[in-house]
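Each remark here refers to the structure printed beneath this line.
The values are calculated or read from the model by the stated rules, or taken from the named source; none is laboratory data. Everything numeric here is computed off the predicted structure, so don't read it as measured data. Using ideal geometry, Cβ is built from the backbone for each residue, glycine included, and neighbour counts are taken over all protein chains shown. Just the protein is used for accessible areas: all its heavy atoms, side chains included, with ligands, DNA and RNA removed. Shrake-Rupley method; radii C 1.70, N 1.55, O 1.52, S 1.80 Å.
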Amino acid sequence: MSPAHYIFLSVILFTIGAIGVLVRRNAIVIFMCIELMLNACNLAFVAFARMHGNLDGQVVAFFVMVVAAAEVVVGLAILMAIYRARRSASVDDASLLKY
Amino acid sequence: MTTLAATGVLRASWLLLAFPVFGAAVLLIGGRRTDKWGHLLGVTMSLASFVYGMIAYFTLLGYPAAERSRDLHMFSWVPVAGFQANIGILIDPLSMCFVLLITGVGSLILIYSVGYMAHDVERRRFFGYLNLFIAAMLLLVVADNYLALYAGWEGVGLASYLLIGFWQFKPAPPVAAKKAFIANRVGDVGLSIAIMLMFAEFGSFNFGPVFASAHSGGTGVTTALGLLLLLGACGKSAQVPLQSWLLDAMEGPTPVSALIHAATMVTAGVYLIVRSSPIFNDSPAAQLAVTVVGAVTLLVGAIIGCAKDDIKKALAGSTMSQIGYMMLAAGLGPAGYVFAIAHLLAHGFFKAGLFLGAGSVMHGMDDEVNMRRYGALRKFLPYTFVTFGLGYLAIIGIPPFSGFFTKDGIIDAAWEKGGTSGWILAACAIIGAGITAFYMTRVMLMTYFGAKRWDEPGPRGGAEPRTGQPQPQPHEHALHPHESPWVMVFPMIILAIGSVGAGAFLIINGRLQSFLAPVVGVPPEAHGVWTGPGIIALALALAGVGLAWTMYGRVPVPAIAPRGSIFARAARQDLYGDAFNESVLMRPGQWLTRLSVYFDSRGIDGLVNTIAAIIGGSSGRLRRIQTGFARSYALSMLIGAVLLVAGLLVVRL
């Protein structure tokens, strides 16, 4: 299997994630879609690292994982707080911060 | 004449100013707590200044004539490199004349005010203002430089404003006060520009350096200075064309009219010109302007005085006219300075006496000022009648009363100027003497002679509550004219003595002339007491008396003013001075301000407001993009990222 296949897979995963973020209302699902996009990026990084024969992409992938873990911790905590306050995890309901 | 440093008693000449300043400060800061004894403090402080003035005067007389100019440096006001403003006191014969006039007549009028203002709840404030006035007026005349003189000049303007508008609860006085202040401001601008010009040209404000270098400055500079100083003098001394405020200033209490608007402040313009004599001596054009202003004003004031039924306004017209005489004399140069000052001093006595007499009549007549409601008062106010009568004889120049000596001196000086201008000036002065006799006789006859008219039915003007509370208009109860208390009669008697004797004292043997000679020079030729022009003026004055008697003495005076000829109506309207000011200055000014306001609100503000409205409106619309939906933000981020990537790809390819 050539590394290009991994790139295609990465693109497909990223697209699925992006569409999920845009069309779904449930914050948990949006979160999962964001994770999907991040992991698609990781896959692309690793694939490119393999294609170019150096480790830069793999290193960045680790960074992304760390950032993703941190993001999940903070994001889920916020989500819990919102759910407790509003009894709803819909992102369209939480639209008070506007003009 | 060189100015020497003050020594001995004169080193304390700051006391002159300190006494009234202290009085004013205590009375105005102390407030109601000083109500009980405030008037006594005011009188005491003024008398203290007078006593010190007398001591200083006799000290000065003890020096040789050439050493009578004494300067006391007090402090540096603005000590900046290249701009030295010092406050100093100059005691010399000229300032001494004024110090004695201001403190002497001022003290008498303050004593009079104790009685006149006895029923006024604000008497203490009145005395505070009067002390303030005396302090400022003394600063004006004893300052040794133009900057301090200007401070005093503004101070008397302020005191005049406060005192004209003293009865604020009535509508007319505050308006008159504002009018006086604004008319004075026009003149003050002239004086302030003159002082700036002096500094620019000569590098100093002090009298000594300015006068020393005046001659080297060139005729252009001295003429400009002279005309600007004349503008200042016109404002303060109510000379044409800035004369209109003085008649309205009569809204103030009568002692104020006597002190500020007859005896002292309005003569400050004459002082300014005589003090600046080295500048005027150097500029014939400025001198001519001064004489023209004086001649015009003496006729205008006299004509206005003929038609006024308000006793104070008739006297105010007379004041304008008499100051016109002084200005005329001051414009004649060394030939006239002495007579200007002599007439000023004599006028200080007799006009203050006349005003106090008018105040006494008003006091006895429920503040009635309309002479058509007077008549036959000589039986009811005998002391007032006699003192007023002596002032009357003095002002119309009957020998040997004081006006005869001083006014004839001015007429002779104008006559001896020679040439066409001298003839015209002398003719104006002689005609003015005739008109003076006419209107003063009219005042005398309407007030003290004829039938009593105060109990006739008809409108009664001038009834003014003086207790600070609105009172019912005293239409109903009958008038009982009565003589004023002694505290008011006493100053009138002293002033009457001055009216009788001041002229002879000052003029005979050239007393004032030799006293003032070191400051203002000596007239080129001396003339006797009886001269041709003087006799003509006396004859014309007697004719004026006769004419007035045929018009107001022989026939009864109607209690309601007849319509009168076109001339009488013009004179009643102050010869249309106010109408002129309104149509030439006020209306165009109003149009200009309206135009400016329109341009400002539509042009300047319009531009700024339009820009602000555009920005506000567009940002209000842009704000709608912030919907608060996280997914739409995500979409815009995605679109942005896609566009960015696409852009990069396009650039790469």
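The table that follows gives values for the structure above.
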{"quantity": "From B:Gly640, B:Gly647, residue being among the small types (Gly, Ala, Ser) and either more than 14 Å from chain A (Cβ to nearest Cβ) or open to solvent by 100 Å² or more (accessible area, probe 1.4 Å) (or both)", "calculated": "B:Gly647"}
{"quantity": "Answer from B:Ile497, B:Ile493 - the residue that is surrounded by fewer than 15 Cβ atoms within 10 Å (Cβ to Cβ) and modelled with pLDDT of 90 or more", "calculated": "B:Ile497"}
{"quantity": "Members of the range B:615-624 found to be open to solvent by 60 Å² or more (accessible area, probe 1.4 Å) and more than 14 Å from chain A (Cβ to nearest Cβ), listed by number", "calculated": "B:Ile615"}
{"quantity": "Matching residues, the range B:140-199, being of a type in the set (Gly, Ala, Ser), closer than 16 Å to B:Leu272 by Cα and over 12 Å from the mean Cα position of the chain (by Cα)", "calculated": "B:Ala143, B:Ala148, B:Ala151, B:Gly152, B:Gly190, B:Ser192, B:Ala194"}
{"quantity": "Index of the failed condition, B:Pro485 passing every other in (1) open to solvent by less than 20 Å² (accessible area, probe 1.4 Å); (2) over 28 Å from the mean Cα position of the chain (by Cα)", "calculated": "(1)"}
{"quantity": "Residues that are farther than 16 Å from B:Gly432 by Cβ and assigned to a loop (DSSP other than H, G, I, E, B), drawn from the range B:327-356", "calculated": "B:Gly333"}
{"quantity": "Qualifying position, being within 25 Å of B:Ala630 (Cα to Cα), touching a residue at least 12 places away in the same chain (Cβ under 8 Å) and within 19 Å of the chain's Cα centre (by Cα), among A:Val66, A:Val60, A:Val21", "calculated": "A:Val21"}
{"quantity": "Residue within the range B:367-375 that is open to solvent by 10 Å² or more (accessible area, probe 1.4 Å) and in contact with a strand residue (DSSP E or B) (Cβ under 8 Å, 6 or more places away or on another chain) present", "calculated": "yes"}
{"quantity": "Subset tally (residues that are in a loop (DSSP other than H, G, I, E, B) and either open to solvent by less than 10 Å² (accessible area, probe 1.4 Å) or over 21 Å from B:Val584 (Cα atoms) (or both)) for the range B:230-269", "calculated": "5"}
{"quantity": "Single residue of the range B:165-176 satisfying the filter (open to solvent by less than 40 Å² (accessible area, probe 1.4 Å) and either assigned to a loop (DSSP other than H, G, I, E, B) or modelled with pLDDT of 95 or more (or both)) that is farthest from B:Phe50 (Cα to Cα)", "calculated": "B:Lys170"}
{"quantity": "Failed item, numbered, when B:Trp549 is tested on (1) farther than 30 Å from B:Leu246 by Cα; (2) open to solvent by 80 Å² or more (accessible area, probe 1.4 Å)", "calculated": "(1)"}
{"quantity": "Residue count for the range B:592-614, restricted to those that are open to solvent by 100 Å² or more (accessible area, probe 1.4 Å) and of a type in the set (Val, Ile, Thr)", "calculated": "1"}
{"quantity": "Hits in the range A:1-11 (condition: aliphatic (A, V, I, L, M), away from every other protein chain (no Cβ under 14 Å) and open to solvent by 50 Å² or more (accessible area, probe 1.4 Å))", "calculated": "A:Met1, A:Leu9"}
{"quantity": "Leading residue by the ranking (farthest from A:Ile82 (Cα to Cα)) among those in the range A:12-66 that are among the charged types (D, E, K, R) and away from chain B (no Cβ under 14 Å)", "calculated": "A:Arg50"}
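Listed here are the residues, each with its yes/no results for (1) under 30 Å from B:Lys313 (Cβ atoms); (2) more than 60 Å from the chain's Cα centre (by Cα); (3) not in a helix (DSSP H, G or I).
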{"position": "B:Pro588", "(1), (2), (3)": "yes, no, no"}
{"position": "B:Asp605", "(1), (2), (3)": "no, no, no"}
{"position": "B:Thr627", "(1), (2), (3)": "no, yes, yes"}
{"position": "B:Leu635", "(1), (2), (3)": "no, yes, no"}
{"position": "B:Gly640", "(1), (2), (3)": "no, yes, no"}
